[in-house]
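The values are calculated or read from the model by the stated rules, or taken from the named source; none is laboratory data. None of these values were measured; they are calculated from a predicted model. Here Cβ is always computed from backbone atoms with ideal geometry, including for glycine, and neighbour counts include all displayed protein chains. Side chains are part of the model used for accessible areas, which takes the heavy atoms of the whole protein and leaves out ligands, DNA and RNA. Shrake-Rupley method; radii C 1.70, N 1.55, O 1.52, S 1.80 Å.
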Amino acid sequence: MSGDVLGTDISSFVARRVKDLAPSGIRKFFDLVASTQGVISLSIGEPDFTTPWHIRDSAIQSIKKGYTMYTSNAGMPELKEEIARYLKRSYGLEYDPATQILVTVGVSEALDLAARAIIESEDEVIIPEPCYVAYPAVVNLAGGTPVLVPTDSSTFEPVPEIIEENVTSRTKAILIGSPANPTGAVISRRVLEEIADISIAHNLIVLSDEIYARLIYGAEHVPIASLPGMKERTVLLGGFSKAYAMTGWRIGYAAGNRNIISAMTKIHQYTIMCAPTMGQVGAIEALREADGDVSSMVEDYNRRRLFIVNGLREVGLSCPEPRGAFYVFPSIRETGLTSDEFAEKLLTAEKVAVVPGVAFGQSGEGHVRCCYATSLEDIKEALTRIDRFIHQQG
Amino acid sequence: MLNEVLKILEEDARRTPDDIAAMTGLKPEEVSSIIKKAEEDRLIVKYKAIVNWSKLQDEHILALIEVKTSPEKETGFDAIAETIARYPQVNTLYLVSGTYDLAVIAVGKTLQEIASFVTQKLAPLEGVQSTATHFLLKKYKEDGVILEGGEENRRQSVVL
């Protein structure tokens, strides 16, 4: 297939800002994984549990009862009320469901809307990295400039001093994720307080991605919105995919100042209309009845987390203990390979898929992301293979 | 930590102390001694496999038998239950509420074997008023495990 039609290079029609968007490093790698047989994959950031049955059943019943139409643009009122109740009972945060909460198609949409709602051309958004691959992309697509700053190289927490050094007159927002993909780092209250101080001092918005909030192990999840003076300037982004194993349902939400939520809702109603009705029904059930399911999944992830951290350290990879999400981010510097080389060679030699850290930004170089949301047997076998691989490198 | 070790073993009794240690942050020796103590205390009663016998030709026959009894003054249902529990054909025995008293799960090689156990051993026992025998036709789920048609991993590759 040629890109040329009647002498025109069709690719020239693709907008510059899309053309300039770097293809996700993970995409490239997944194509390679997909073409290899018998791979043990620690690369997919998705729960290996299916959605708890009662949540599925609630959606099935709703379809039977005829809940097949649009909902209000901002989401079903019952769901927004449940989200408000959840944020209140978990963190003492109070949002008005009618004006301060928007239901979206996953956190991904909420993040995109938030970026588009606040960013003017060439506004800067400070993003500590390594970070989720979409963060810089959504800022670029909104016409802004992502300013990527390194996190602490041992804890992967943002470094407030570095954030502050990068604040300019064009800085509009700070975008953080905690617990973090790809590192599993949980930002401590102390660091959040310093980030809050910076955002207040320089009058910045904080976009806070808290999709992994409930997957936390022996640490405290602090929504930055709960810190003094922060509720109005924070857009809290949450969702159902990870904690309730509801990735395919595509339901997320944003909570924040009514002006920003209303601006986001405007974009949402023109581009999306509303989040899927069946997904919203499932999300209501999740918030009402699934706390027990979440606890037992978290218990299970925790066993695998301890197992994989222990295993990686035993094969000689240094590995800070991740306190959240379902990722570990071991250092592979000892091997003398770049993260791209490590991931590619490990895949070819031992058929284990991990994601090169550099896919999450330059500060991710020297690391790989392993997702432990997979069976303990697979984790065990993967560790055996990684051990063999590392010793062959030496 | 005892509970955590027991939960892991209940899910998979073949986990080694080394694995359990790695999953809990305990030392392997600590795990071994927790398990040993749990076995001694009969907290862990037995290790067994869940077998899907229907995949083989020499299938076992299972029956759920409802037993109505007349409880004794001193010992209530315990004496009759303990007698019934001794028969090798009795795999599981529960005291239940409702329209009958004891739920017996009996196992045998043939229908005949179970039928003769009920008519010749169980029903004539002193204290047994009546029995109703239900032969099991198909097992769908056992000990929390769906035996067939479970869910496979449907994950597709996705950028995240």
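Which of the helices (runs of 4 or more DSSP H) found entirely inside segment A:1-78 contain at least 1 residues meeting this: modelled with pLDDT of 95 or more and open to solvent by less than 70 Å² (accessible area, probe 1.4 Å)?
Those helices (runs of 4 or more DSSP H) span A:53-64.
Out of all the residues in segment A:351-383, which are more than 25 Å from A:Val298 (Cα to Cα) and open to solvent by 20 Å² or more (accessible area, probe 1.4 Å)? The answer is A:Lys351, A:Val358, A:Ala359, A:Gln362, A:Ser363, A:Glu365. Scan segment A:249-271 for residues that are in contact (Cβ under 8 Å) with a residue 40 or more places away in the chain and more than 14 Å from A:Ala114 (Cα to Cα) and the total you get is 3. I'd like to know if segment A:159-167 contains one or more residues that are open to solvent by less than 20 Å² (accessible area, probe 1.4 Å) and in a strand (DSSP E or B). No, there is no match, as no residue in segment A:159-167 is open to solvent by less than 20 Å² (accessible area, probe 1.4 Å) and in a strand (DSSP E or B).
When residues in segment A:85-130 are screened for being crowded, with 18+ Cβ neighbours inside 10 Å and modelled with pLDDT under 95, 0 of them pass.
Residues that are open to solvent by 40 Å² or more (accessible area, probe 1.4 Å) and in contact (Cβ under 8 Å) with a residue 60 or more places away in the chain were ranked within segment A:284-299; the one that is nearest to the chain's Cα centre (by Cα) is A:Asp293.
Taking the conditions exactly as written (in contact with a helix residue (DSSP H, G or I) (Cβ under 8 Å, 6 or more places away or on another chain), assigned by TED's automatic domain parsing to the domain that holds A:Gly252, in contact (Cβ under 8 Å) with a residue 24 or more places away in the chain and crowded, with 24+ Cβ neighbours inside 10 Å), does A:Val328 satisfy them or not? Judged against the criteria, A:Val328 is not a match. Among the numbered criteria (1) within 14 Å of chain A (Cβ to nearest Cβ); (2) over 30 Å from A:Ile379 (Cβ atoms), which one does B:Gly76 miss? That leaves (1) as the condition not met.
Look at segment A:63-89: where a residue is under 27 Å from A:Glu210 (Cβ atoms) and a partner is surrounded by fewer than 15 Cβ atoms within 10 Å (Cβ to Cβ) and among the acidic types (Asp, Glu), sitting 6+ places away or on another chain with Cβ atoms under 9 Å, you get A:Ala84/A:Glu94; A:Ala84/A:Asp96; A:Leu87/A:Glu94; A:Lys88/A:Glu94. Given the conditions (1) open to solvent by less than 40 Å² (accessible area, probe 1.4 Å); (2) within 14 Å of chain A (Cβ to nearest Cβ); (3) among the hydrophobic types (A, V, I, L, M, F, W, C), and given that B:Ile146 satisfies all but one, which numbered condition is not satisfied? Here B:Ile146 meets the rest and fails (1). None of A:Tyr253, A:Tyr270 is open to solvent by 10 Å² or more (accessible area, probe 1.4 Å), assigned to a helix (DSSP H, G or I) and aromatic (Phe, Trp, Tyr) except A:Tyr270. Here A:Arg369 meets the list (1) outside any strand (DSSP E or B); (2) within 12 Å of chain B (Cβ to nearest Cβ); (3) in contact with a strand residue (DSSP E or B) (Cβ under 8 Å, 6 or more places away or on another chain) almost entirely, failing just condition (1).
Inside segment A:135-147, residues that are out of contact with any strand residue (DSSP E or B) (no Cβ under 6 Å at 6 or more places or on another chain) and in contact (Cβ under 8 Å) with a residue 40 or more places away in the chain make up a count of 4. Scanning segment A:147-158 for residues that are outside any loop (DSSP other than H, G, I, E, B) and either open to solvent by 30 Å² or more (accessible area, probe 1.4 Å) or of a type in the set (Gly, Ala, Ser) (or both) turns up A:Leu148, A:Pro150.
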